[in-house]
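Enquirer: Dropping the structure in here first, questions after.
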Amino acid sequence: MRIVSGMRPTGKLHIGHYFGAIKNWINLQQGNETLFFVADWHALTTSYKNISDIRENTIQMLIDWIAMGLDPAKSIFFVQSHVKYHAELSLILGMITPKSWLELNPTYKDTKYNLLKIAHLEKEYKDTLKPLIDNISNITPHKIEDIEAFKKILAEDITDTFIKLLIEGIIDKGRLIELNISKRDFYETDTFGFFGYPVLMASDILMYNADGVPVGEDQLSHVEIAREIARRFNYLYKPFFKEPKAILTETPRLLGTDNRKMSKSYNNAIMIDETEEETSSKVLKMFTDPQKLRKNDPGRPEICNVFNYHKIFSQNEYLNIEDGCKSGKLGCVECKKILAKNLNMFLAPMREKRLSISKELIENLLQEGDRKANEIASENMKQINEILGL
Ligand code: TRP
């Protein structure tokens with residue numbers, strides 16, 4: 001089988017990435033042809049305003065891929081934007097994709113809905129906007145020659161101003177949480193590119209006529225759209241595309257150390273590239289069963305995030321740990337120390353491997369991978385253009 005998957009260039013990775021995606025990718029390397037790429041164009045669909053890190057994030061992410069166990073001798077690694085055929089195919093697939101398929105896509109619907117809520121908030125704050133703008137002008141560090149013109153610029157783009165106010169904390173963040181609006185909504189995803197996200201993703205997959213696409217659950221609807229687009233093309237012109245199957249990663253649900261979703265930006269993620277001390281310190285700050293106040297109090301491992309980690313990282317010991325916790329023999333501090341030790345043991349080989357991987361090595365691998373991907377893509381693109389009579 002040919003397997004294709006991609007990841008947006010988020011930089012250094014954490015154990016959530018390992019269990020959520022990479023581990024599955026590693027297994028699939030056995031007996032399959034595997035292509036893994038950095039979806040840097042997809043990164044632009046949401047954070048096109050903040051692009052300075054894309055290149056460095058790409059390199060750091062690839063270093064972690066290999067440190068975690070992806071094998072350059074078995075897989076082709078490449079960068080999406082280095083294979084221009086994806087853009088060509090995306091353009092063509094866009095022609096045959098009904099807008100309604102994209103409008104019904106859950107990621108898009110959520111964003112749309114949140115944008116509506118933001119618009120609503122804007123109205124709510126409209127009358128207070130002027131004092132807020134005055135306030136911003138006063139605290140602006142730069143000397144502004146024409147303060148009235150500056151205020152006018154601020155006022156003109158209400159959305160932009162509003163978002164800045166929110167981000168700078170002038171408008172209460174609590175309101176956002178109440179309204180369930182996330183930072184993602186400030187990235188101004190009301191764009192053609194974001195709307196077309198699934199079309200580009202379909203191109204990534206169909207470009208190689210992949211049989212299987214390992215993804216997390218959040219990506220299922222995108223793979224489904226890719227299948228529908230493939231069917232539509234085959235029906236309209238000529239059977240050419242395989243219908244790619246999503247290969248779902250069964251993820252053990254691994255929350256961050258503060259029980260929220262694991263994310264580098266929350267500082268609750270166990271990173272591959274951090275020291276043992278940093279890992280231990282994060283683990284020692286983890287929340288446990290709030291009813292277990294003293295060491296001898298019986299705990300409830302079933303609701304404890306630390307125990308959830310033990311199930312993954314303390315395979316030989318976790319039954320004892322469960323007993324110890326329930327009976328009150330094992331205190332939370334001790335329990336977390338065991339976890340920190342096991343986590344560090346699990347991560348040690350990846351950390352060591354990471355040190356041996358240079359940027360040059362990554363650059364070389366990418367050159368080779370980009371070349372191989374281009375070879376497959378160009379052949380398929382040629383056939384697609386022939387089918388279309390282009
Ligand atoms: N959308 C995926 C994500 O955010 C990344 C991605 C882009 C992808 N193109 C793809 C995954 C093609 C699989 C196949 O995780």
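The values are calculated or read from the model by the stated rules, or taken from the named source; none is laboratory data. Everything numeric in this text was worked out from a predicted model, so none of it was measured. Positions of Cβ are backbone-derived with ideal geometry, glycine not excepted, and every protein chain shown enters the neighbour counts.
Enquirer: Sort out which residues of the stretch 11-39 are among the small types (G, A, S) and away from the ligand (no atom under 15 Å from the Cβ), and write them in order of number.
Expert: Across the stretch 11-39, the qualifying residue is only G31.
Enquirer: Which of the residues that make up the stretch 379-390 are free of Cβ contacts under 8 Å to residues at least 40 places away in the same chain and either touching a strand residue (DSSP E or B) at 6+ places or on another chain (Cβ under 8 Å) or part of a helix (DSSP H, G or I) (or both)?
Expert: Result: E379, K382, N385, E386.
Enquirer: Could you give me the residue pairs with C-beta distances under 7 Å whose first residue belongs to the stretch 216-243 and is more than 10 Å from L206 (Cα to Cα) and of a type in the set (F, W, Y), whose second residue is outside any loop (DSSP other than H, G, I, E, B) and more than 11 Å from the ligand (Cβ to nearest atom) wherever it lies, and which are 6+ apart or on separate chains?
Expert: Note: pairs meeting the criteria are F233/I96; Y237/I387; Y237/L388.
Enquirer: Being out of contact with any Gly (no Cβ under 9 Å at 6 or more places or on another chain) and at pLDDT 95 or above is the filter; apply it to the stretch 32-54 and report the residue that is farthest from G212 (Cα to Cα).
Expert: Result: D40.
Enquirer: Mind listing just one residue for me: the one in the stretch 186-217 that is farther than 21 Å from A373 by Cβ and polar (S, T, N, Q) and, of those, nearest to the ligand (Cβ to nearest atom)?
Expert: This residue is T189.
Enquirer: If only one of A21, A73, A43 is assigned by TED's automatic domain parsing to the domain that holds V223, surrounded by 22 or more Cβ atoms within 10 Å (Cβ to Cβ) and out of contact with any helix residue (DSSP H, G or I) (no Cβ under 8 Å at 6 or more places or on another chain), which one is it?
Expert: Numbers: A73 fails: surrounded by 22 or more Cβ atoms within 10 Å (Cβ to Cβ); A43 fails: out of contact with any helix residue (DSSP H, G or I) (no Cβ under 8 Å at 6 or more places or on another chain).
The match here is A21.
Enquirer: Still on this structure: Mind listing just one residue for me: the one in the stretch 222-265 that is within 14 Å of the ligand (Cβ to nearest atom) and among the small types (G, A, S) and, of those, surrounded by the most Cβ atoms within 10 Å (Cβ to Cβ)?
Expert: A226
Enquirer: I would also like to ask the following. Take residues that are in contact with a Ser or Thr (Cβ under 9 Å, 6 or more places away or on another chain) and among the charged types (D, E, K, R) and tell me which of the strands (runs of 3 or more DSSP E) falling wholly in the stretch 1-114 contain 1 or more.
Expert: Qualifying strands (runs of 3 or more DSSP E): 2-7, 33-38.
Enquirer: Name the single residue, out of those in the stretch 40-55 being of a type outside the set (V, I, T) and touching a residue at least 60 places away in the same chain (Cβ under 8 Å), that is farthest from the ligand (Cβ to nearest atom).
Expert: K49
Enquirer: Being of a type in the set (G, A, S) and touching a strand residue (DSSP E or B) at 6+ places or on another chain (Cβ under 6 Å) is the filter; apply it to the stretch 331-378 and report the residue that is surrounded by the fewest Cβ atoms within 10 Å (Cβ to Cβ).
Expert: If we take residues in the stretch 331-378 being of a type in the set (G, A, S) and touching a strand residue (DSSP E or B) at 6+ places or on another chain (Cβ under 6 Å), then G369 is surrounded by the fewest Cβ atoms within 10 Å (Cβ to Cβ).
Enquirer: Find the residue count for the stretch 248-277, including only residues that are over 15 Å from L13 (Cα atoms) and at pLDDT 95 or above.
Expert: Selection size over the stretch 248-277: 2.
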